[in-house]
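All remarks here apply to the structure that follows.
The values are calculated or read from the model by the stated rules, or taken from the named source; none is laboratory data. This is a predicted model, so every value here is computed, not measured. Neighbour counts are summed over all protein chains in view; Cβ atoms, including those assigned to glycine, are modelled from backbone coordinates with ideal geometry. Side chains included, ligands, DNA and RNA excluded: accessible areas come from the protein's heavy atoms. Shrake-Rupley method; radii C 1.70, N 1.55, O 1.52, S 1.80 Å.
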2 protein chains.
Amino acid sequence: MPTKQAEPKKSDLQLTAVLYALSDETRLQIVKSLVKTEEIACGYFDIDMPKSSLSHHFRVLRNAGVITSRKEGTALMNRLRKADLDERFPGLLKSILGAA
Amino acid sequence: MPTKQAEPKKSDLQLTAVLYALSDETRLQIVKSLVKTEEIACGYFDIDMPKSSLSHHFRVLRNAGVITSRKEGTALMNRLRKADLDERFPGLLKSILGAA
């Protein structure tokens, strides 16, 4: 279970960390799924890889501030921090998702 | 000396490789210098780090297709592949450099 400390505040978002988080096909796929919806539980992603690997990818996205996660019962619900990213890095998410 | 093979063709540029190449402060600094000029020799960059480390960063940028390099005498001249990047990933470079 991630702690809230692992998610940077909007003012602490780092461009290099965001670019690194998005420099992986699996993580880009997660972000593309999240951009279409409000919130998705980790378990709903149709990605064929071990749970530990998937958890790693979610953690990288979370630590970079690309997604935020909250626990609901036993599920971890994930949301894209679109507003924060758009405010800090105007046009970045759009250009990346447009090219992905 | 890099071989031409190390530089991907425009059609082979990979978004994830480009994002990875730009996910580092030193490499972003190199790209920001290159966007302002036509061509720069490696030796002209005012970056305080061992030559081998700097060479590594240039190689990552070159292999990802962010820059192209050519030998001129004993100097390696570097150029940003702006047109190729803008065509393959519209708006990406602008949004990254605007945020960097």
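The table below gives the values:
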{"quantity": "Members of the stretch B:37-76 that are among the small types (Gly, Ala, Ser) and within 16 Å of B:Pro8 (Cα to Cα)", "calculated": "B:Ala64, B:Gly65, B:Ser69"}
{"quantity": "Subset of the stretch A:68-87 [out of contact with any strand residue (DSSP E or B) (no Cβ under 9 Å at 6 or more places or on another chain) and either among the hydroxyl-bearing types (Ser, Thr, Tyr) or part of a helix (DSSP H, G or I) (or both)]", "calculated": "A:Thr74, A:Lys82, A:Ala83, A:Leu85, A:Asp86, A:Glu87"}
{"quantity": "Search result, residues across the stretch A:68-100 that are open to solvent by 80 Å² or more (accessible area, probe 1.4 Å), more than 12 Å from chain B (Cβ to nearest Cβ) and touching a residue at least 40 places away in the same chain (Cβ under 8 Å)", "calculated": "A:Lys71, A:Arg79, A:Lys82"}
{"quantity": "Residue within the stretch A:42-62 that is of a type in the set (D, E, K, R) and within 11 Å of chain B (Cβ to nearest Cβ) present", "calculated": "no"}
{"quantity": "Residue in the stretch A:7-20 that is facing another protein chain (nearest Cβ under 10 Å), within 29 Å of B:Pro90 (Cβ to Cβ), in a helix (DSSP H, G or I) and not hydrophobic (A, V, I, L, M, F, W, C) present", "calculated": "yes"}
{"quantity": "Cβ pairs under 7 Å, 6+ apart, first in the stretch A:47-67 and without any contact (Cβ under 8 Å) to a residue 60 or more places away in the chain, second among the aromatic types (Phe, Trp, Tyr) and open to solvent by 30 Å² or more (accessible area, probe 1.4 Å)", "calculated": "A:Ala64/A:Tyr20"}
{"quantity": "Selection count, the stretch A:33-67, where residues are out of contact with any strand residue (DSSP E or B) (no Cβ under 8 Å at 6 or more places or on another chain), of a type in the set (Ser, Thr, Tyr), open to solvent by less than 80 Å² (accessible area, probe 1.4 Å) and not in a loop (DSSP other than H, G, I, E, B)", "calculated": "2"}
{"quantity": "Number of the condition not met by B:Ser23 [criteria: (1) assigned to a helix (DSSP H, G or I); (2) within 14 Å of another protein chain (Cβ to nearest Cβ)]", "calculated": "(1)"}
